[in-house]
Amino acid sequence: MIYNFTIKKSLNKIILYFMLILTSMVFLLPVYWIFVKAINGPVGIFAYPPDIWPKRFSIENFKTAFSTYHLMRNYANTGKILLFALSGATISSSIVGFGFARLRFPGRSLLFMIVIASILIPWDVKVIPQFMLFSKLGWINTYLPLVVPLWFGFPFYIFIFRQFIMQIPYELDESAIIDGCHRWSIFTHIILPLLKAPIITVMVLEFVRSWNDFLDPLIYLNSSLKYTLSLGIYYMITPYNMDWGAVMAAAAVAVLFPVLVFFFLQKYLLGGLSFDGLKG
């Protein structure tokens, strides 16, 4: 009986790992194909039959992408946006999340429900009034529409901070209040040092969102000097004489950074979404 149970358990584990490997291969195949075509050189892009394994190693596609299409400028523009987007989303959302978790005021639950419900509003519904507002403010063809809204909090990030802070024992706040600390000191000196996991989680999520954002820069940016990485790659695609090797090289570098960020910070990402590490 015990022998049969052990065999069944081992078989279930083998099936589980097989499904995980198969699913991972399905998701990683496009990324792998991009890198194979990027490093195969300009000739290997149209090789037939297609090269499953890279038969040659060349950086010619990368040279073309950065020299001809000025991708370094697009990377620099994206980096500027990321700097302000990450800081704005993290600072504002953590403060608002602390307010919802620790402060007591009339209508707190209702206001929090409204904030969370705003996640369900489709982007298509918001884009026209937002564009009209930013146009009136003279922000078109600037980075302000891509950055400023994040300094007023992001609903999902507020939810992450609020849920995590609620797991921190309130006795810490009471002890600080007895010692004469006010709310801002409690947040900066007691709560904030404990928010390492959710802060990294929010930064990773915002990094991926801003890095991959295409529609917002497409709407608000008109000058090629201000194009982000996603727009730069988009405008590399032309109906005639398109350099597929350069496109693959640019896409390979664009994919590389989010993969590396997630690979090195995944333990913090999962910890920030668990909400159960500080229960008292």
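Take the stretch 137-160 and flag every residue that is assigned to a loop (DSSP other than H, G, I, E, B) and either surrounded by 15 or more Cβ atoms within 10 Å (Cβ to Cβ) or without any contact (Cβ under 8 Å) to a residue 12 or more places away in the chain (or both).
Here is the first cut: in the stretch 137-160, the ones assigned to a loop (DSSP other than H, G, I, E, B) are 137-143, 153-154.
Scanning the stretch 137-160 gives L137, G138, W139, I140, T142, Y143, G153, F154.
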Margin query: Being in contact with a Leu (Cβ under 8 Å, 6 or more places away or on another chain), modelled with pLDDT of 90 or more, assigned to a helix (DSSP H, G or I) and surrounded by 14 or more Cβ atoms within 10 Å (Cβ to Cβ): is that true of A101 here?
Written below: no
Next item on the list: Pick out, from the stretch 1-75, the helices (runs of 4 or more DSSP H) lying fully within it that include 1 or more residues that are of a type in the set (A, V, I, L, M, F, W, C) and surrounded by 14 or more Cβ atoms within 10 Å (Cβ to Cβ).
Entry: 2-39, 60-68
Notebook entry, point to check: Just wondering, is there one or more residues in the stretch 116-136 that are under 17 Å from F98 (Cα atoms) and part of a helix (DSSP H, G or I)?
Noted result: yes
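If you check S109 against the conditions, is it surrounded by 12 or more Cβ atoms within 10 Å (Cβ to Cβ) and among the hydroxyl-bearing types (S, T, Y)? Talk me through it step by step, then tell me what you get.
Values: surrounded by 12 or more Cβ atoms within 10 Å (Cβ to Cβ): no; among the hydroxyl-bearing types (S, T, Y): yes.
Considered against the rule, which asks whether it is surrounded by 12 or more Cβ atoms within 10 Å (Cβ to Cβ) and among the hydroxyl-bearing types (S, T, Y), S109 comes out as no.
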Note to self: Can you pull out every residue in the stretch 13-39 that is closer than 23 Å to A254 by Cβ and among the aromatic types (F, W, Y)?
What the structure shows: F27, Y32, W33, F35
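The values are calculated or read from the model by the stated rules, or taken from the named source; none is laboratory data. Values in this document were obtained by computation on a predicted structure and should not be read as measured data. A quick note on method: Cβ atoms are made from the backbone with ideal geometry, for glycine too, and the neighbour counts reach across all protein chains shown.
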